[in-house]
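Take a look at the structure set out below.
Here, each number is a calculation from the coordinates, and none is a lab measurement. Here the structure is a predicted model, which means the values were calculated and not measured. When we count neighbours, we look across all protein chains shown, and the Cβ atoms used for this are built from the backbone with ideal geometry, even at glycine.
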Amino acid sequence: MSDMGKNLLLWLIIAAVLLTVFNNFNVKPEPETLSYSDFIQQVRSDEVLQVEIDGLIIDGMRRSGEPFQVVRPGIDDQKLLDDLYNHNVEIVGKLPEQQSIWAQLLIASFPILIIIAVFMLFMRQMQGGGSGRGGPMAFGKSNRRGGRSQRGRAGAGGIPPRSG
């Protein structure tokens, strides 16, 4: 193995070790997943401190500090907010995620960029004109030059026969 290959392998091993060390420091405890019925029961027994409702996902924190997560059923539960208010549960709102301005610009300008690319392709094809390269009317043309073939037509001494 060459010296460059050994150095590359060494740096890859060092990067892998550093990556695993940093990943071990950033470990967050996975929140416990509760059923919706257990969640309602814990709210009514004043065990829940805070909830964040994001669509069908409810992330929460118990009074003991343990995080949990609940998947809300697809049906609309009118009494959920009443239960949360009556048992002094803090309800935290979450802003909906929005696309960045760059992503919006890219999506909005994509059709225009496609039209410009097609236009540039056609203009490049038209550059050929009447020369041998091609051009807009080059389809159907043969590469063979026009004129008579010299084979078998020459008369005595290589002079072409007279017409007429």
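Overview of results
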read-out	value
Net +/- balance of residues flanking Y85 in space, Cβ distance below 15 Å, scoring K and R +1, D and E -1	-3
Label point 7 Å beyond Cα of D59 along Cβ direction - residues of region 31-51 with amide nitrogen under 19 Å	31-36, 39, 48-51
Residues with amide H under 5 Å from that of R72, placed H, sequence gap 5 or more	I57, I58
R0 of 35 Å, Cβ-Cβ distance Q98-E32: FRET efficiency to nearest 0.05	0.70
Two-site FRET efficiency, L49 against L105, from Cβ-Cβ distance with R₀ of 45 Å, rounded to 0.05	0.60
